[in-house]
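Here the structure comes first, spelled out in structure tokens, and everything after it is commentary.
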Amino acid sequence: MLKKIIPIILLGVFLIADFGYSQELQTPSNEEDIKAALTGGVPMGRWKEGLLYEGVRPMPWLKSAANWFPGTEEVQPNEMRITFMGTAPNIRPGQMNTSIYVELGNGDNFVFDMGEGAVANYVAARVSLNQIKHVFITHLHVDHFGSLPYLWMFGTWAGGWHEPLTIHGPSGRTPEYGTKTMVEGMKMMLGWHRDAFSVFPVGKGWDIQVNEFDFRDNGGVVYEKNGVKVIHWQRSHAKDGASGYRLDWNGMSMVWTGDGRPSELDIKYAKGVDLYITELQPEVVEINAGVQGVPPFLARYTIDTHHTPAYAAGYLANQIQPRLFMTTHMNFDPFLNEETVAEVREHWKGPFHFGAPDGIVVNMTKDAVWVREGILPDFPNSRAPQMNFDNGQLVVPHPPKSREEIQEPFVREQQIDPEKYYPAGYMPHLLEEWPVEGDLVVPMDQLPDNLKASMGAHWRLKKKNQKILEEQAKEESDK
Ligand SMILES: [Zn+2]
Ligand SMILES: [Zn+2]
């Protein structure tokens, strides 16, 4: 009996002793063994597996190298972050038309195309709508600008009071087909909405600007400020007035071609770009007819008059030689994906990723680039409006109109007396009139901490990064 109990007691003592997870010290393996294990499979001094490429690797500041969770990572001073907010010509929950968001380390950001529904992905990616001030439209197919009315109206409501939205876009062959006319038409369409929202603070929000450039002016500069330069060139997309864009900043560049047939102009203006993004269509018109019900002749005709076949996309990439090639404005479907890669690979052997489905994010510095799936929630809430607190004040402009000016009294008088529906003893102080006379000006030290923190987040990041960039520039010039 005792013989059996003693080992059990000893085992118990051993288990209790081990409960702290302390490990007994062991004799180290010899250096040769350690070296063999830690460098095994690294014959060239670095791991080389599959089709990994030089410079394609995650950055150390990414919270997860596998996925991007919006709101968890700051854009670094020397970084360009590109997010695909809409990735197809069609609209479906995971692909909301076409839109590409570009954020720079200096705090600037730019939108390229703003297709219908894409605005939902901006909200999900924690972009405040009042942060969007420059939208570059490649052409006036509605899958590239359909979200503008919502962005303009609700971006103004949500704090877009101090800087107007600027729409950059090509002219048409005649004025009626230019970007200016589209914006004039949008103003007319939004007449009721704009007047209705004039009971809110709108400030400069209603002063929408249009920068319409001559579509024929190939290589012309559309935008140049803070070291950022955007140029454009013509695309062959059935009708005059389709353009591609290239953005250069801080020794890095990206191209979004918009839609169009493969062209020598693309090679000329995109040559040597870091990130080259174009659209494509794989050669599966008959299979697609079975899946989507599009008659093959209609698909074939649409591609051959408007779009870039996947083979041509690979051909262009090989001519342009970017650090990373991406394609978007494409259906992300299992029956298409392998085919698409195979067709692109006919000519392009370098780094390639899909700019689809929505939420794909690219982090890029001068020596590294990394692509991840962004996790966009289905039911996001808006990020707080982002304010510039350089003056140490929150300024809320006075609404240009009151309800009395835009509504007859009759229907207001029919409103039910709130005493009838609020519970006994509970009666909120209703704000039926705007509470102040002129502009409301709140010094920052009188703002509640949560508002100061949430509304000033981007302003603080921009100041921090700009200081680092200035110091770097000074160091460069001192050398
Ligand atoms: Zn399109
Ligand atoms: Zn188009």
Revision key, fill the gap. Stokes-Einstein D for the chain (25 °C, 0.890 mPa s, Kirkwood Rh from Cα pairs), in µm²/s, comes to 95 µm²/s
Revision key, fill the gap. Listed by chain and number, the residues whose amide H is under 5 Å from that of Thr98, excluding neighbours fewer than 5 places away on the same chain and using placed H, are Ala88, Gly115, Glu116
Exercise for review: Please get the size of the charge dipole for the chain, origin at its Cα centre, with Cβ charges of +1 on Lys and Arg and -1 on Asp and Glu, quoted in debye to the nearest 20.
Suggested key: 780 debye
Exercise for review: Take the Cα of Ile468, step 7 Å along the line toward its Cβ, and report every residue of region 216-254 whose backbone nitrogen sits under 17 Å from that point.
Suggested key: 250-252
Review point. Taking the Cα centre of region 185-265 as the origin, how large is its charge dipole in debye, to the nearest 20, when only Lys and Arg (+1) and Asp and Glu (-1) carry charge on their Cβ atoms?
Key: 140 debye
Practice item. For Arg57 and Met444, compute 0.36 nm times the residue count separating them, minus their Cα-Cα distance, and round to one decimal in nm. Key: 135.2 nm
Review point. Nearest 0.05, what FRET efficiency do Ile287 and Ile91 give at R0 = 35 Å with Cβ-Cβ as r?
Key: 0.95
Practice item. Calculate how many DSSP beta bridges within the chain are antiparallel, expressed in % of all such bridges and rounded to the nearest 5. Key: 65 percent
Study note, to complete from the structure: Checking region 194-239 for trypsin sites (Lys or Arg not before Pro) in a loop per DSSP with at most 15 other beta-carbon atoms within 10 Å yields Arg216, Lys239
Exercise for review: Tabulate in residue order the Karplus-calculated ³J(HN,Hα) for region 474-479, using 6.51 cos²θ - 1.76 cosθ + 1.60 with θ = phi - 60°, rounded to whole Hz; enter x for Gly and Pro.
Suggested key: 5, 4, 4, 6, 6, 5
Exercise for review: Quick one: pull the percent of accessible area on the chain belonging to carbon and sulfur, 1.4 Å probe, ligands and nucleic acids left out.
Suggested key: 57 percent
Check your understanding: Between Ser253 and residues 5 or more places away or on another chain, which pairs have amide H atoms under 5 Å apart, with H built 1.01 Å from N, and which residues are they?
Key -> Asp274, Leu275
Practice item. Provide the per-residue ³J(HN,Hα) series for region 184-190, in order, calculated from phi with Karplus coefficients 6.51, -1.76, 1.60 and θ = phi - 60°, each as a whole number of Hz, with x at glycine and proline positions. Key: 4, x, 5, 4, 5, 4, 9
Review point. D for region 182-243, whole µm²/s, Stokes-Einstein with Kirkwood Rh over alpha-carbon pairs at 37 °C and 0.692 mPa s: what number?
Key: 226 µm²/s
**Study point:** Helix-only CD estimate at 222 nm, as mean residue ellipticity for the chain, using -39500 (n - 2.57) per DSSP H run (n ≥ 4)
**Key:** -9000 deg cm²/dmol
Exercise for review: Provide, in order from the shortest bin, the percent of all Cα-Cα pairs of region 286-441 in each 10 Å bin, continuing until the bin that contains the maximum pair distance.
Suggested key: 7, 19, 18, 14, 12, 19, 10, 1
Review point. In region 137-285, if every C-alpha pair distance is counted and binned at 5 Å from zero, what percent goes to each bin?
Key: 2, 9, 17, 19, 17, 15, 11, 7, 3, 1, 0
**Study point:** HN-Hα J in Hz across region 139-146 - Karplus 6.51, -1.76, 1.60, θ = phi - 60°, x for Gly and Pro
**Key:** 6, 9, 5, 5, 5, 10, 9, x
Check your understanding: Taking N as the number of residues in region 61-135, what value does Rg over Cα atoms divided by 2.2 N^0.38 Å take?
Key -> 1.10
**Study point:** Two-site FRET efficiency, Asp378 against Ser477, from Cβ-Cβ distance with R₀ of 41 Å, rounded to 0.05
**Key:** 0.25
Review point. Taking R0 as 25 Å, what's the FRET efficiency between Phe69 and Phe389 from their Cβ-Cβ distance, rounded to 0.05?
Key: 0.40
Revision key, fill the gap. Residue span Asp214 to Thr39: 0.36 nm per residue of separation minus Cα-Cα distance leaves a gain in nm of 57.2 nm
Review point. Taking the Cα centre of region 341-382 as origin and charging only Cβ (+1 Lys, Arg; -1 Asp, Glu), how large is the dipole, in debye to the nearest 20?
Key: 220 debye
Review point. Using alpha carbon coordinates only, what is the Rg to Rh ratio of region 410-469, with Rh defined as the Kirkwood radius?
Key: 1.25
Practice item. For region 386-479, state which GluC sites (Glu not before Pro) are in a DSSP loop and have at most 13 other beta carbons lying within 10 Å of their beta carbon. Key: Glu432, Glu433, Glu437
Revision key, fill the gap. The long-range amide H neighbours of Ile360, using H built 1.01 Å from N in the peptide plane and a cut-off of under 5 Å, are Phe84, Gly374
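The values are calculated or read from the model by the stated rules, or taken from the named source; none is laboratory data. Everything quoted here is computed from the prediction, not taken from an experiment. All Cβ positions, even for glycine, are placed from backbone atoms using ideal geometry, and neighbour counts span all protein chains on display. For the accessible areas, the whole protein counts, side chains as well, though only heavy atoms, and no ligand, DNA or RNA atoms are used. Shrake-Rupley method; radii C 1.70, N 1.55, O 1.52, S 1.80 Å.
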